[in-house]
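Visitor: What follows is a structure written as structure tokens; I'll ask about it next.
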């Protein structure tokens, strides 16, 4: 059952649409990430859900009630800001107790709940300090505690880890996921960091130019991106625009000029309407070509154009009759510039996208 | 939350300033152009043909220009010295600079009356050590006005320049030195050009302040009037509001002109582009 | 949004209340006794007047006297602009004449001012029948510092002496005595009748001697005691203050003649305290006040009942004979010409 | 090299002597026992300090000045805080023009503003002198209030305000409970700087004097023209003490950076 729905939302800023005909449904208890490059509308969507801004058109239904015009302070959503947004003039205790005091909770109860939530975020003993005495990670945990303590109907995160260093970011995301699962709070999480989103989310919505390109569980998106944008965004660097696509005997046959490719159609791959093949640089096979080698099935002849050393592997840009391809390959003996090569596209690694 | 409420926040202040400042100012301007028989610039023509008024205008401009130049020459080295100090000494010197700025202009002008009068401190010292026999007549001359105005506005230029000089990256100076510039060369070729924007702002503040100052010329000036005391005399003593309004408009025009000219200059001269 | 609106409403209401309060509180502060009499005066010897004139009058009539001080011109202009609520105004005859010409004063009911009978005839109504009397007649002459001026000054002409370069002050043309000094300049040019062009030519010659013009006589006193000036034309009534600062100061009636300055009291048109204002004028003319101010060497008496010893009379314009010997200017003529004079003065002299 | 910077130090010392010497001299002369200002004083006495309290107009005008500056300050805050908030929080059409309007009282020559107010507010609408002083001083305080508070708001992170809203406060509530406490020092600094600006003002007040109503600086100006005794020196010392206290408080609250930023 869905907890809330955004229906045909439109938001514009300075006469430019940030969101248009935007729809989103989120189920109870799930952690959903909005992922996309900057300017894709993910933060706008989050701020719209929080109530910080209002849509020009469309509806926001929360537990089947119309929330479109409900002001921020009547929504009972917890919001965790990118820069923590702790109240500098209040102690940690008062920061966390802020929402409870507004809800007229009794003093003893406030004490109990604040201590409890500080316990959850591992900040016992910090309640008398002021925000400026805390480290970034600690501040972020206070911010989470402050949002949690009001027992929000919905928890919203706006790039909460982007100001932390890499190590802290990893441990904090585990923490966030643990707390969210323990308490079972529906959460919307915005980030531009793929790894972060994929690792903590039940579902990820990939956004581009104010539209959700794909909303799915992380594994599906990772393996089967549905659009060219999503594929590109998650690392499919090689694309072939095919002339024809035909399904035959559980396989798909694709043609580009004189070349024919075949890919496996398994159950999970839903999209065969697209005509663009996509494949990750890691999944392409490359080997040097000797003069007598025939063209293998799903293969192409090419010539190495650019070589870059990536540390664990080498990256090549290979020029072929149907375009350039990027290939990563671990090899003891690197291929040299101008080397003739054979590229092979494994049957089960290429996907079709729109 | 629509945008309307933003304007609602601004409305009371804007309304207040419009009713009590903009409308009176524009009405004052308007009356200088309109008489019973319609639009006219007669008042201004009379004005600019009148050597008496032009005398006052030029005296005021001269006093303001000299004040500005002296302030720059005194203020620039001091600002450079202050900006080179460590934070504690700098803070202390800045406090000493700002203190006179916040002190009443009446007090400051009066203190100069004690000093430069015929029986004043300066003349007593000079006659005392036998440097001069007759006391100097400084009080009630344009020189007295200039001294008072420099005293009034010098702090402004110092703090403005210190603000600018603080923002010059020390690396820049080191870089210039590493390229072979002498200390003086660094000062002339790097520090001075980078201070131009601050210098311009400071000059605007000093010039406009000197041009429109009332208290100092009223107390230290003699028979020669400046434009602000002339405006006051016409408005209050002679009750000639027509002339007072024309003087007011000329003051506004000169002020606006100087500010915009200096801003253009600042943009042109700004080495940071 | 509603809350916001409400708070803005509250804010603006507060603002209005505050504005209203400020104006009310302003006047309320002064309103301890019932009535309030606003007196516009020079502010010279304020302490003496407060103690010997205002305080007894306040007590007798249960009224509070509020002062507006400043020079003649500024104060008259405030009355012209009509926003000052002044009831009684002290002005020299020159300025009072302007006020009369512009219909700024109430006619006085002379039957209410019983002390009028006791004063010199010339002082009874110098501005014309029904307008305010002069409560003092001052002599406009020359004061100088005998320590600094080698040749004793005896004539107006002496002020033109080159030795006095940058050492004197003269009254501004906008002050009461300005036209008198202009008249003196005309006299020393050799003209019997007042000759404007010659007067200005002479004025031009004296300007190198002038440090600064004075608009109010206390400025003269100030500059004199500070040594900025050593001589200048001044009203005799200020001489006491000069002497206090410079013991060797001298006051002379110039050989060409001193001028009479009559300081008048008038009731301002539209005053809501007309009765009280007339009582105040009557009180100013009373033998009691006149004697006190004469003995304090503040104002020369016009009340003929005041008797002074010779010492008390020094530097005072005392006795009918002296009063009659002083030159008086035709204030109507002065008034008509003043605009031209101010203009020429500014153009030709102040450069 | 050493020579040069020693020369610069000496130059700086002389300039500071020029700036502060007069104020020192005026302070010393205030203790003169005689009737005439002299430096150095011939006898030491506090009598001119006592005289301040004897001259009634000083006390009356001091009260007026305080009242006008405080009341004007309050109104300037009521008008200026919302404006400063809107100007630094949002982008909207006409922002530059509105900004200009709020700083224009600094740009318009005071003497012109005073005259315009006299002609079109005092005389035209017959406002009382008190009200007019109050209006005039509010006008000159507004730009300082708006500027100081804006600079304090520019350091303020507005997501804090949103955080308070998400926790259940209304927009207005969040302003009072979260924004205001965090720009408190900016507001106090604004109050003090505006107060000094208003309290020392001559240009505008000089046009607005009436029976028994004048401000302290105007009364001092008149007094200086008429008397040359050390009373003014004594008042000057008291005013300088007030200034020094205010300045140190502003320094504590905002740091000196406020003064050097233009």
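The values are calculated or read from the model by the stated rules, or taken from the named source; none is laboratory data. Just so it is clear, the model here is predicted, and its values are computed rather than measured. Methodologically, a virtual Cβ is constructed for each residue, glycine included, from the backbone with ideal geometry; neighbour enumeration extends over all protein chains shown.
This table checks each residue for (1) within 8 Å of chain D (Cβ to nearest Cβ); (2) within 16 Å of the chain's Cα centre (by Cα).
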residue	(1), (2)
B:64	no, yes
B:68	no, yes
B:72	no, yes
B:79	no, no
B:89	no, no
B:93	yes, no
B:96	yes, no
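Visitor: Being crowded, with 23+ Cβ neighbours inside 10 Å and either assigned to a strand (DSSP E or B) or not assigned by TED's automatic domain parsing to the domain that holds residue C:143 (or both), is that true of even one residue in region C:185-195?
Guide: The answer is no, given that none of the residues of region C:185-195 is crowded, with 23+ Cβ neighbours inside 10 Å and either assigned to a strand (DSSP E or B) or not assigned by TED's automatic domain parsing to the domain that holds residue C:143 (or both).
Visitor: Please work out if residue D:17 is surrounded by fewer than 16 Cβ atoms within 10 Å (Cβ to Cβ) and either in contact (Cβ under 8 Å) with a residue 24 or more places away in the chain or on the phi < 0 side of the Ramachandran plot (or both). Talk me through it step by step, then tell me what you get.
Guide: Working: surrounded by fewer than 16 Cβ atoms within 10 Å (Cβ to Cβ): yes; either in contact (Cβ under 8 Å) with a residue 24 or more places away in the chain or on the phi < 0 side of the Ramachandran plot (or both): yes.
Criteria met by residue D:17.
Visitor: Residues that are within 14 Å of chain D (Cβ to nearest Cβ), at least 2 per element: which helices (runs of 4 or more DSSP H) completely within region C:40-139 meet that?
Guide: C:46-49, C:55-61, C:72-81
Visitor: Among the residues of region D:103-127, count how many are buried (at least 19 other Cβ atoms within 10 Å of the Cβ), at the interface with another protein chain (Cβ under 7 Å from one of its Cβ atoms) and not in a helix (DSSP H, G or I).
Guide: Number satisfying all stated conditions: 2.
Visitor: Tell me which residues, restricted to region C:265-296, are farther than 22 Å from residue C:130 by Cβ and surrounded by fewer than 21 Cβ atoms within 10 Å (Cβ to Cβ).
Guide: Result: C:287, C:288, C:291, C:292, C:295, C:296.
Visitor: Checking the conditions here, which among C:129, C:102, C:148 is at negative phi and touching a helix residue (DSSP H, G or I) at 6+ places or on another chain (Cβ under 8 Å)?
Guide: From the options C:129, C:102, C:148, the qualifying one is C:102.
Visitor: Would you list the helices (runs of 4 or more DSSP H) that sit entirely within region B:162-232 and hold 1 or more residues that are within 13 Å of chain D (Cβ to nearest Cβ) and crowded, with 20+ Cβ neighbours inside 10 Å?
Guide: It comes to B:192-212, B:215-220, B:227-232.
Visitor: I'd like to know if region D:169-188 contains one or more residues that are touching a helix residue (DSSP H, G or I) at 6+ places or on another chain (Cβ under 8 Å), crowded, with 22+ Cβ neighbours inside 10 Å and touching a residue at least 60 places away in the same chain (Cβ under 8 Å).
Guide: yes
Visitor: Can you name the residue in region D:20-45 that is over 25 Å from residue C:221 (Cβ atoms) and without any contact (Cβ under 8 Å) to a residue 60 or more places away in the chain and, of all such residues, is surrounded by the fewest Cβ atoms within 10 Å (Cβ to Cβ)?
Guide: That would be D:44.
Visitor: Also, quick follow-up: Residues that are at pLDDT below 90, under 21 Å from the mean Cα position of the chain (by Cα) and more than 14 Å from chain C (Cβ to nearest Cβ): find the helices (runs of 4 or more DSSP H) completely inside region D:135-240 holding 3 or more of those.
Guide: Where helices (runs of 4 or more DSSP H) fall fully within region D:135-240 and carry at least 3 residues being at pLDDT below 90, under 21 Å from the mean Cα position of the chain (by Cα) and more than 14 Å from chain C (Cβ to nearest Cβ), they are D:184-199.
A quick yes/no check of all residues on (1) more than 10 Å from every other protein chain (Cβ to nearest Cβ); (2) within 27 Å of residue D:129 (Cβ to Cβ):
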site	(1), (2)
D:50	yes, no
D:61	yes, yes
D:75	no, yes
D:90	no, no
D:95	no, no
D:101	no, yes
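Visitor: Among the residues of region B:3-21, is any in a helix (DSSP H, G or I), away from chain D (no Cβ under 14 Å), surrounded by fewer than 18 Cβ atoms within 10 Å (Cβ to Cβ) and touching a helix residue (DSSP H, G or I) at 6+ places or on another chain (Cβ under 7 Å)?
Guide: The answer is no, given that none of the residues of region B:3-21 is in a helix (DSSP H, G or I), away from chain D (no Cβ under 14 Å), surrounded by fewer than 18 Cβ atoms within 10 Å (Cβ to Cβ) and touching a helix residue (DSSP H, G or I) at 6+ places or on another chain (Cβ under 7 Å).
Visitor: Considering each residue of region B:22-46, count those that are in a helix (DSSP H, G or I) and either within 21 Å of residue D:119 (Cα to Cα) or in contact with a helix residue (DSSP H, G or I) (Cβ under 7 Å, 6 or more places away or on another chain) (or both), and give that number.
Guide: Initially, region B:22-46 is screened for residues in a helix (DSSP H, G or I), giving B:22-33, B:42-46.
Those left that are additionally either within 21 Å of residue D:119 (Cα to Cα) or in contact with a helix residue (DSSP H, G or I) (Cβ under 7 Å, 6 or more places away or on another chain) (or both): B:22-33, B:43-44.
Within region B:22-46, residues that are in a helix (DSSP H, G or I) and either within 21 Å of residue D:119 (Cα to Cα) or in contact with a helix residue (DSSP H, G or I) (Cβ under 7 Å, 6 or more places away or on another chain) (or both) number 14.
Visitor: A follow-up question, please. State whether the residues of region A:335-344 include one that is outside any loop (DSSP other than H, G, I, E, B), assigned by TED's automatic domain parsing to the domain that holds residue A:232, farther than 23 Å from residue A:258 by Cα and touching a strand residue (DSSP E or B) at 6+ places or on another chain (Cβ under 6 Å).
Guide: First, pick out the residues of region A:335-344 that are outside any loop (DSSP other than H, G, I, E, B): A:340-344.
Cutting the leftovers down to assigned by TED's automatic domain parsing to the domain that holds residue A:232 gives us A:340-344.
Filter once more, so that each one left must be farther than 23 Å from residue A:258 by Cα: none.
No, every residue in region A:335-344 fails to be outside any loop (DSSP other than H, G, I, E, B), assigned by TED's automatic domain parsing to the domain that holds residue A:232, farther than 23 Å from residue A:258 by Cα and touching a strand residue (DSSP E or B) at 6+ places or on another chain (Cβ under 6 Å).
Visitor: Could you tell me whether region A:120-131 includes any residue that is buried (at least 19 other Cβ atoms within 10 Å of the Cβ) and in contact with a strand residue (DSSP E or B) (Cβ under 8 Å, 6 or more places away or on another chain)?
Guide: For region A:120-131, residues buried (at least 19 other Cβ atoms within 10 Å of the Cβ) and in contact with a strand residue (DSSP E or B) (Cβ under 8 Å, 6 or more places away or on another chain): absent.
Visitor: Need at least 3 residues that are within 19 Å of residue C:182 (Cβ to Cβ) per element, so show me which strands (runs of 3 or more DSSP E) inside region C:217-275 make the cut, counting only ones lying wholly within it.
Guide: Filter on region C:217-275 gives C:231-235, C:259-267.
Visitor: Can you tell which of A:219, A:278 is out of contact with any strand residue (DSSP E or B) (no Cβ under 9 Å at 6 or more places or on another chain) and either in the same structural domain as residue A:26 (by TED's automatic domain parsing) or touching a residue at least 60 places away in the same chain (Cβ under 8 Å) (or both)?
Guide: A:219
Visitor: Here's another thing I want to ask about it. Quick one: which strands (runs of 3 or more DSSP E) lie wholly within region A:25-127 and hold at least 2 residues that are under 27 Å from residue D:181 (Cβ atoms)?
Guide: Values: elements: A:31-35, A:57-62, A:77-80.
Where strands (runs of 3 or more DSSP E) fall fully within region A:25-127 and carry at least 2 residues being under 27 Å from residue D:181 (Cβ atoms), they are A:77-80.
Visitor: Follow-up question, since we're still on this one. Go through the residues of region B:113-128 one by one and say whether even a single one is facing chain D (nearest Cβ under 9 Å), part of a helix (DSSP H, G or I) and touching a residue at least 60 places away in the same chain (Cβ under 8 Å).
Guide: Yes; the residues of region B:113-128 include at least one that is facing chain D (nearest Cβ under 9 Å), part of a helix (DSSP H, G or I) and touching a residue at least 60 places away in the same chain (Cβ under 8 Å).
Visitor: Filter region A:58-97 down to the residues that are touching a residue at least 24 places away in the same chain (Cβ under 8 Å) and at positive phi, then identify the one that is surrounded by the fewest Cβ atoms within 10 Å (Cβ to Cβ).
Guide: My answer is A:63.
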